[in-house]
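The values are calculated or read from the model by the stated rules, or taken from the named source; none is laboratory data. Not measured: the values here are computed from a predicted model. Backbone-built Cβ (ideal geometry, glycine too); neighbour counts: all protein chains shown. We work out accessible area using only protein heavy atoms, side chains counted, and drop any ligands, DNA or RNA first. Shrake-Rupley method; radii C 1.70, N 1.55, O 1.52, S 1.80 Å.
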Amino acid sequence: MAVTEIPVAAPAARSVEASQRRTGWFLTAPAITLMGLILLGPVLVALVLSFTDYALGNSGFNWVGLENYEKLFTRSTYEKMFVATFTYVVTVVPLSVGLGLGAALLITSVGRFRDLYKTIYFLPVMATLLAMAIAWEFMLHPTIGMVNRTIEMGCGTFLEAIWPFMAQGCEGGFPLWLGDQRYAIWVVCFVGIWQGFGFNMVLYLAGLTSVHRELYHAAEMDGARSAWERFRLVTWPALGPTTVFVVTISCIRAFQVFDTIEAFWPQGAGPNKSAYVMMFAIFEKGVQQNLIGIGSAITVVFLGFVMFLTLIQRWLVERKVHYG
Amino acid sequence: MADLHIDGVVKSFGETQVLKGISLDIRHGEFIALVGPSGCGKSTLLRIIAGLESQSAGDIVIAGRSVAGVRAADRNLSMVFQSYALYPHLSVADNIAVPLRMRTMGAVQRLPLVGRWMPGAAERNREIDAEVRKAASTLEIETLLDRKPGQLSGGQRQRVALGRALVRDPAAFLLDEPLSNLDAKLRVQTRGEIAELHRRLGATFIYVTHDQVEAMTMSSRIAVMMEGQILQCDAPDLVYEDPEDIRVAEFIGSPKINILPAELNGGSLRVLDRDIARLTRVADQPGIRLGLRPEALRLSGADSVLTGVVAHHENLGSEVFAQIEVPGLSERVVLRADPSARRRLGLGATVGLDFDIGDALLFDTSGKRLRPVIEAARAAHQVA
Ligand SMILES: Nc1ncnc2c1ncn2[C@@H]1O[C@H](COP(=O)(O)OP(=O)(O)OP(=O)(O)O)[C@@H](O)[C@H]1O
Ligand SMILES: [Mg+2]
C-alpha cells in the first residue's frame, strides 16, 4: 500500500485514514497473535535459554552468558558438527538440484511412459526415510550387502587394472561403508540425494510447464541449433524463479537432515562422529542429554542459517529473476 | 534466388485436416499476402514453411531444394510470431540482437563474461549494436531498448518482434499478423517501412493479415485461404474484380459484395422474377447467384431491377454507403453512392437500383465463377 503524503490534508481525510489503519490492525490481529504464539515465542524462548544452563526438571537456572556459544565455536565435537553439516549441504544441494532439473528435462522430452518415470523418481520422496534407511543398511552391509557383492563381480576383470579402488578392494576387502569414517558422511549424502531429487524434479516439472512453447520456436528461428543453446536462451532463464525456490528449499532440507543418521547410527552419529550433523546434535544435547542450554544455542545458530538463506531467496526473487 | 514452392501440403492434427492440399508458387522477391478467416490455417501453413511443424504430406521447396528434413534454423527464414514470442528475461536490445549473435558469432564468443574478450568479439558486438539501433530507430523503439518485454504495451512488443525479424537478411520473411496491435498512424507508417524494406532487400515476403487494406496495398499477390485451401492467388486488383469463387468475392471487399439469388432458364437470367439478360455458353441451372459490388449499383428511377427502402446510411464524407431493404431479398443491399446523392438516400426513402450486367459476377450453385457470354441485356441497357 502506497501512502502519499499530502501536505494539507483535510481533517476528514485524516480521520478516514486513521480509521482505516485501525481496521487494518484489527483484521491482522489474529494472524499476528498466532504467529507470535507458535513461531516467535518459541524462538525467543530458545534464544533466552541459550544463555543459561537450564535443564528440564531443574527448578531454576543460572545465566552463563556466551559460554554455550563459546563451546560451540571452540570444542572439536562441534567442529565436527559444522564440517559434517556443511559437507552434507554442499554436496546434496547442487547434486539434488542438478539431478532434479536433469530428470525433469528428460521426462518432458520423452513422449511415452512420462507418468511412469515421474512416479518412479518420486517414490523415494513419498517413502518413509526411516524404512528406506533400513533397506539401505542391508544393501550396504559389508559382506552380504548387494552393493559390495555387485562390485565384487568386477574382480578379475580389466576393471581391476584401471581402477585402483577395485584392485585394493579385491585384495583387502571392500569398504565397510557405514562403519568407515571416510565413507560414512558420503553414504548419508548419497541417500539424501537419492531421496530428495525427486521432489526437486516435481518442482522443475511444474516450472517447465510455464515455459511458453513458442519461445523454443523463436529460438530455433533465431538460429539456436543445439539443445544446449535453446536451454540457455529459453529454459534456464524461465526456470530462474523455480531454481531460487528449489535451491532454498533444498538448502533448508539439507540443514534439517536427521532421520537417515538416526536410523544408521542411533547412538553415535557415525564412526568417530563423522556424520554428526546439527539436527542430530540438537537432538542429542537437548533431548537425550537434557542439556537445554547448549541445545538451544545450536538451535539458534541453525535458525540463523535458515534465516540467512531465506533472506537471500527473498532478495533474489525481488530483484533479479522477476520478469513481471 | 530463393523461389519458394509449396507443393500439395496437407496437415492433420489427429482426425481434423487443417490444411487440405495447399500449392503455391512464389517467385523470388514477391510479396504474398495471405488472408483468410480466423482458424483457416494461415499460421499453420507459415509454421510448416518455417519448419517448426511437419506436414502430413506434400513438400516445400526453397531455392530449388526440397527442405524436407532441413531443420528450421537451417532454412534461413525469419519469422514474426502472432504471439510475439519475445524472450522475457532479455532487454529489448538483447532480444533484437539474439538472431545476429546466434548466427554471426561463434559459440565461444557468445559465452557469458569471458566471451567478450575473445578475438573479434568486441568488434562484432559493436556492429551488432549499431544494427540493433538502426532497426530500433526505424520502428521507433529506441527509447525502449533497455526495458524488458514485460514492461511494454502490446503494440510495442509487436514492434520489438518485428525488429527481431527484420535485422536479419534471410531468404524469406514470414510475418504472422505483424501489425495487428498497432494504432492507425503507426500501422500506416510501419506498413510503409515494410514495403520499403521489401523493395530494398528484394527478399520474399509472406505476410499474414486480417487487414484488407494491408493486403491490397502492400502485396504483389493476395492468396485467399479458406478452410485449409487456397481459393485464389492473384494480384490484388484481380482478386477484387475477378474472383474465382463466391467465398473470395465475399471475403475481399468492404463493405461486402451484394449477393442476389438468380435463375438461369433457357439462357435467360432472371433476378427477382425479372428477365435481365440473355446468356449463352452456359448450362441452365436454378440456384445461381449474382454478385454485385456496392459501387456497381447506381440509383435509378422507376422500373428498376431492384426497388427498396433505405434502412441505414453511412456518410464517410467522400462517399456514402446506404443499406437498402429490398422485398424478396433476405439481406440488405449495400450501395455506394456519391455524396451528391445524399438527399435521395434519407432514411425510409424508396429508391430504385440498377446495374450493368457486365459489372455483375455470376457464380454457380457450388460457388464457382461462371463466365458466360452476355448476348443481350435488358432493353433499357446497353450490351456490355
Ligand atoms: N497444435 C494443434 N493441435 C490441434 N489443432 C490445431 C493445432 N494448431 C492449430 N490447430 C487448429 O488448426 C486450425 C488452424 O489454426 P491456425 O492457427 O493456422 O489458424 P489461423 O488461420 O492462423 O487463425 P488466426 O487468424 O486466428 O490466427 C484451427 O482450427 C486450430 O484449432
Ligand atoms: Mg494465426
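Summary table
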quantity	calculated
Condition check for B:Val35: farther than 30 Å from B:Asp129 by Cβ, out of contact with any Pro (no Cβ under 8 Å at 6 or more places or on another chain) and surrounded by 15 or more Cβ atoms within 10 Å (Cβ to Cβ)	yes
Boolean, B:Arg103 is within 12 Å of another protein chain (Cβ to nearest Cβ), in a helix (DSSP H, G or I), within 16 Å of B:Val80 (Cα to Cα) and of a type in the set (Lys, Arg)	no
Any hit, segment B:7-20, residues being more than 16 Å from ligand 1 (Cβ to nearest atom), in the same structural domain as B:Leu179 (by the TED database) and of a type in the set (Gly, Ala, Ser)	yes
Count of residues meeting criterion [within 16 Å of ligand 2 (Cβ to nearest atom) and either in a strand (DSSP E or B) or open to solvent by 40 Å² or more (accessible area, probe 1.4 Å) (or both)] in segment B:68-88	4
Sole residue being more than 16 Å from ligand 2 (Cβ to nearest atom) and within 26 Å of B:His28 (Cα to Cα), chosen from B:Ser153, B:Ser219	B:Ser219
Helices (runs of 4 or more DSSP H) (entirely within segment A:192-271) containing at least 1 residues that are within 14 Å of another protein chain (Cβ to nearest Cβ)	A:213-221, A:227-230, A:240-255
Unique match (being more than 32 Å from the chain's Cα centre (by Cα), away from chain A (no Cβ under 14 Å) and open to solvent by less than 20 Å² (accessible area, probe 1.4 Å)) among B:Ala121, B:Ala136	B:Ala121
Meets criteria (touching a helix residue (DSSP H, G or I) at 6+ places or on another chain (Cβ under 7 Å) and surrounded by 17 or more Cβ atoms within 10 Å (Cβ to Cβ)) for B:Val271	no
Spans of strands (runs of 3 or more DSSP E) in segment B:6-67 with at least 3 residues within 16 Å of ligand 2 (Cβ to nearest atom)	B:16-26, B:31-35
Residue, modelled with the lowest pLDDT, within segment B:163-183, restricted to residues that are in contact with a Leu (Cβ under 6 Å, 6 or more places away or on another chain) and within 16 Å of ligand 2 (Cβ to nearest atom)	B:Pro178
Qualifying strands (runs of 3 or more DSSP E) (wholly inside segment B:159-264; at least 1 residues being away from every other protein chain (no Cβ under 14 Å) and within 16 Å of ligand 1 (Cβ to nearest atom))	B:204-208, B:221-226, B:229-234
Residue in segment B:44-57 that is away from ligand 1 (no atom under 15 Å from the Cβ), assigned by the TED database to the domain that holds B:Asn181, among the aliphatic types (A, V, I, L, M) and open to solvent by 30 Å² or more (accessible area, probe 1.4 Å) present	yes
A:Val202 vs. criteria more than 30 Å from B:Met79 (Cα to Cα), modelled with pLDDT under 90 and within 25 Å of the chain's Cα centre (by Cα)	no
Candidate set from segment B:324-346 (those that are among the aliphatic types (A, V, I, L, M) and farther than 12 Å from B:His313 by Cα); member that is surrounded by the fewest Cβ atoms within 10 Å (Cβ to Cβ)	B:Leu329
Residue within segment B:15-26 that is open to solvent by 10 Å² or more (accessible area, probe 1.4 Å), out of contact with any Ser or Thr (no Cβ under 7 Å at 6 or more places or on another chain) and within 30 Å of A:Gly240 (Cβ to Cβ) present	no
Positions within segment A:276-293 being farther than 16 Å from A:Gly57 by Cα and open to solvent by 10 Å² or more (accessible area, probe 1.4 Å), in sequence order	A:Met279, A:Ile282, A:Phe283, A:Glu284
Count of residues meeting criterion [among the charged types (D, E, K, R) and within 25 Å of A:Ile298 (Cβ to Cβ)] in segment A:76-116	2
Counted residues, segment A:194-211 - those being over 14 Å from A:Thr108 (Cβ atoms) and either open to solvent by 20 Å² or more (accessible area, probe 1.4 Å) or not assigned by TED's automatic domain parsing to the domain that holds A:Thr248 (or both)	4
Close pairs from segment B:25-48: first within 14 Å of another protein chain (Cβ to nearest Cβ) and among the hydrophobic types (A, V, I, L, M, F, W, C), partner open to solvent by 10 Å² or more (accessible area, probe 1.4 Å) and within 15 Å of ligand 2 (Cβ to nearest atom), Cβ under 7 Å, at least 6 apart	B:Ile48/B:Lys11
Among (1) polar (S, T, N, Q); (2) within 16 Å of ligand 1 (Cβ to nearest atom); (3) surrounded by 17 or more Cβ atoms within 10 Å (Cβ to Cβ) - the single one B:Ser91 does not satisfy	(2)
Total residues in segment B:50-66, condition within 14 Å of chain A (Cβ to nearest Cβ), of a type outside the set (D, E, K, R) and more than 23 Å from B:Ile96 (Cβ to Cβ)	1
Selected residue (only one of B:Thr209, B:Thr204, B:Thr217 is surrounded by fewer than 21 Cβ atoms within 10 Å (Cβ to Cβ) and in the same structural domain as B:Ile26 (by the TED database))	B:Thr217
Residue within segment A:8-22 that is closer than 30 Å to A:Trp236 by Cα and surrounded by 12 or more Cβ atoms within 10 Å (Cβ to Cβ) present	no
Any hit, segment B:186-194, residues being among the aliphatic types (A, V, I, L, M), at pLDDT 85 or above and touching a strand residue (DSSP E or B) at 6+ places or on another chain (Cβ under 8 Å)	yes
Subset of segment B:301-321 (residues that are under 26 Å from the mean Cα position of the chain (by Cα) and surrounded by 15 or more Cβ atoms within 10 Å (Cβ to Cβ))	B:Val320, B:Phe321
Members of segment A:105-136 that are hydroxyl-bearing (Ser, Thr, Tyr) and out of contact with any helix residue (DSSP H, G or I) (no Cβ under 7 Å at 6 or more places or on another chain)	A:Ser109, A:Thr119, A:Thr128
